[in-house]
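Structure record follows, encoded as structure tokens.
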Amino acid sequence: MPEQETIERAQEDEREGKSPSTQAGEFVREEMEHIREGKHGARSAKQAIAIGLSKARRAGVELPPPKRGSARTKKRAARDSRKAGSRRKPSRTRSRAVTKALKLESRRAASHRALSRQARSAARRRTKASRSGAAKKSRADAQAKPLNRLLTSHESLIRIYSLRPSS
């Protein structure tokens with residue numbers, strides 16, 4: 001079960017109009033924290049990321065199943081998305097078994113080195129045009145951020161003054 005703080009951060013990202021993958025990133029970050037704190041381990045960085053994405057889908061983040069991936073992975077992703085609205089209590093026995101299995105795994109999956117290796121291999125699978133486009137978008141977003149912040153604060157001031165009763 002994700003922490004309330006993580007859910008709130010993901011909802012804030014959604015309100016700000018950020019992409020589902022950015023919202024899901026909050027859950028992945030939480031998972032990495034859990035591994036670093038020693039709550040449990042993971043076999044690899046890839047598994048830790050998959051756990052985070054699964055939690056995100058179950059929390060209601062509208063993250064589509066992966067385009068490239070096995071039928072099993074796609075099926076699981078679709079199932080996680082369906083379970084988003086479910087109020088069914090998880091099986092205690094199954095939860096305990098999963099936790100016990102993960103506790104036996106290494107904590108190296110969340111190390112700087114493991115995450116760096118995972119990021120590099122993921123980037124290598126993308127085309128040069130895709131990587132270049134993402135970098136350009138990131139640069140444009142970074143340049144627009146101060147302006148957006150200014151506009152947001154301006155809008156909130158307008159809202160505050162419009163709510164104040166006129167004398």
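Things to note:
- Looking across region 96-111, the residues that are surrounded by fewer than 13 Cβ atoms within 10 Å (Cβ to Cβ) and either among the basic types (Lys, Arg) or in contact with a Leu (Cβ under 8 Å, 6 or more places away or on another chain) (or both) come down to Arg96, Lys100, Lys103.
Yes or no, residue by residue, for (1) surrounded by 10 or more Cβ atoms within 10 Å (Cβ to Cβ); (2) over 21 Å from His34 (Cα atoms):
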position	(1), (2)
Arg68	no, yes
Lys89	no, yes
Arg94	no, no
Ala122	yes, yes
Ser130	yes, yes
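- Some residue of region 27-45 being of a type in the set (S, T, N, Q), surrounded by fewer than 21 Cβ atoms within 10 Å (Cβ to Cβ), in the same structural domain as Asp80 (by TED's automatic domain parsing) and touching a Leu at 6+ places or on another chain (Cβ under 9 Å): no
The values are calculated or read from the model by the stated rules, or taken from the named source; none is laboratory data. What you see is a predicted model, and the numbers here were worked out from it, not measured in a lab. So basically every Cβ, Gly included, is an ideal-geometry build from the backbone, and we count neighbours across all protein chains shown.
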